[in-house]
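Every number in this text was worked out from the coordinates using simple rules, so none of it is lab data. Please read these numbers as outputs of a predicted model, since none were measured by experiment. Backbone-built Cβ (ideal geometry, glycine too); neighbour counts: all protein chains shown.
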């Protein structure tokens, strides 16, 4: 048979498949109506397993292909049913309240808390996120949340992840415990320099101060040094200020060029970070959930049962809607053996068709679910 003839037959089969698929989806909608009346859950694993067993047994050597085809059909049907099921969820109420509280333009002013001192990378992120904002400096990430929670500041700005050194777990832990909302994010290119008092030479340095994230980002440079203590401190700018204030000829700081000028220090080495592609992502948080116009990124924290296929079930919901997942990271649950939570970031908006129902289905089926926000990255 000629290729053109085979393709003609394939087209005919595809037309039949499409008609049967649409008929199946219509039946799925009728099932959703019945479940709505009886307040039944969308997912019925027992029935799905029965169907999978039947079709794989009938498919011979092509059983794995049939298995994946019908698994995808189930997920598409569940996604459509999720749009039609009328059951109250926390995430739906949270999203609606966030949209009602939002506006067409993200604020350019307001009191904003950030960790560190003048010259910190968090300050640069504040200036980018809220160009006319007034900054309140605090000593720790926890204090940033505290300043927003108390009402002292409307916004808080925190580092969330670095392209070289990974996520800032302390911030994720606070997001999980404090139930705050992410309303904006931005990325800064980070360049680290070794700073010391004017006239000091590198061979005179015996101790180096910086934030633990910066230390991790400069591990290759630091690993090549001999006889030098590396001491973590609260912030890269705080490290520069401390070296400047101390008058210690044997101390240096890993910090920025801005801090060198700000605190009267000299640059012994520049660009000491491991990678030239060294970016830190910062988030802007609020106490109450808000979604502003242009939101295109969703952050979630979820957990699932410790059983085969549990994570796949979650990811298949995203795949069925064609949603890109830009971040998936696991974190062990403290005090529990081999149990994990997952940090997810999706390129999506809650106002896109199917996205909110998908989030509702995640809330219904996941062992743990937390919606951190829908926001724009600038």
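In whole angstrom, and with the biggest value first, how far do the Cα coordinates of region 33-120 range along each principal axis?
68, 39, 22
Expressed as a whole number of Å, what is the distance separating the alpha-carbon centroids of region 301-378 and region 1-21?
37 Å
What is the order of 340, 221, fewest Cβ neighbours within 10 Å to most?
Working: 340 14, 221 17.
Placing the least packed residue first, the sequence is 340, 221.
Can you compute the modelled spin-label distance between residue 97 and residue 9, with each label point 7 Å from Cα toward Cβ, in nm?
Placing both labels 7 Å beyond Cα along the Cβ direction yields 6.0 nm.
On C-alpha positions alone, give me the angle between the axis of helix 63-84 and the longest principal axis of the chain, in degrees, nearest 10.
Value to nearest ten degrees: 80.
Principal axis extents for region 193-269, Cα atoms only, whole Å, descending order, please.
For region 193-269, the Cα extents along the three principal axes come out at 27, 23, 18 Å.
Given the options 322, 116, 133, state which has the largest fluctuation in a GNM of the chain using a 10 Å cut-off (strictly under) for Cα springs.
Of 322, 116, 133, the most mobile in the Gaussian network model is 322.
Roughly how compact is the chain, stated as its Cα Rg over 2.2 N^0.38 Å to two decimals?
Details: Rg = 26.4 Å, N = 378, 2.2 N^0.38 = 21.0 Å.
Relative to the rule-of-thumb radius for its length, the chain sits at 1.26.
Which ordering of 236, 267, 365, 46 is given by a fewest-first count of other beta-carbon atoms within 10 Å?
Values: 236 29, 267 15, 365 20, 46 7.
The fewest-first ordering by Cβ neighbours comes to 46, 267, 365, 236.
Between residue 64 and residue 347, what's the calculated FRET efficiency when r is the beta-carbon distance and R0 is 22 Å? Round to 0.05.
On the way: r = 30 Å, r/R0 = 1.37.
That pair, residue 64 with residue 347, gives E of 0.15.
Sorting 323, 42, 51 on the 10 Å Cβ count, fewest up front, what's the list? Kindly include the intermediate steps, with their values, before the conclusion.
Values: 323 18, 42 22, 51 13.
Fewest-to-most Cβ neighbours within 10 Å comes out as 51, 323, 42.
Rounding to the nearest 10 and keeping the result within 0 to 90°, find how far the Cα-based axis of helix 355-365 lies from the longest principal axis of the chain.
Relative to the chain, helix 355-365 is tipped by roughly 90 degrees.
Residues in region 80-106 near a label at residue 39, defined as backbone nitrogen under 12 Å from the 7 Å Cα→Cβ point?
87-88
In deg cm²/dmol and to the nearest 500, what is the mean residue ellipticity at 222 nm of the chain if only DSSP H runs of at least 4 residues count, each as -39500 (n - 2.57), divided by the residue total? Numbers along the way, then the final one.
Working: 13 runs with 162 residues, N = 378.
So the calculated ellipticity at 222 nm is -13500 deg cm²/dmol.
Find, to one decimal place in angstroms, the Kirkwood hydrodynamic radius of region 3-84, where the mean of 1/r is taken over every pair of different Cα atoms and then inverted.
Values: mean 1/r = 0.0695 Å⁻¹.
For region 3-84, inverting the mean 1/r across all distinct Cα pairs yields 14.4 Å.
Kindly state, to the nearest 0.05, the FRET efficiency for residue 177 paired with residue 250, given R0 = 35 Å and r defined as their beta-carbon distance.
Values: r = 40 Å, r/R0 = 1.14.
The pair residue 177/residue 250 has a calculated efficiency of 0.30.
Rounded to the nearest 5, what is the percent of antiparallel bridges among the DSSP beta bridges in the chain? List each step's numbers first, then the result.
Numbers: 43 of 60 bridges.
Around 70 percent antiparallel, to the nearest 5.
Ordered by packing density, taken as the mean number of other Cβ atoms within 10 Å over each peptide's residues, highest first, how do 22-30, 313-321 rank? The partial results should precede the final answer.
Details: 22-30: 12.6, 313-321: 18.6.
So the peptides 22-30, 313-321, ranked by packing, come out 313-321, 22-30.
Measure nothing fancy, just the Cα-based angle from helix 310-321's long axis to the longest principal axis of the chain, in degrees from 0 to 90, nearest 10.
For helix 310-321, the angle is close to 80 degrees.
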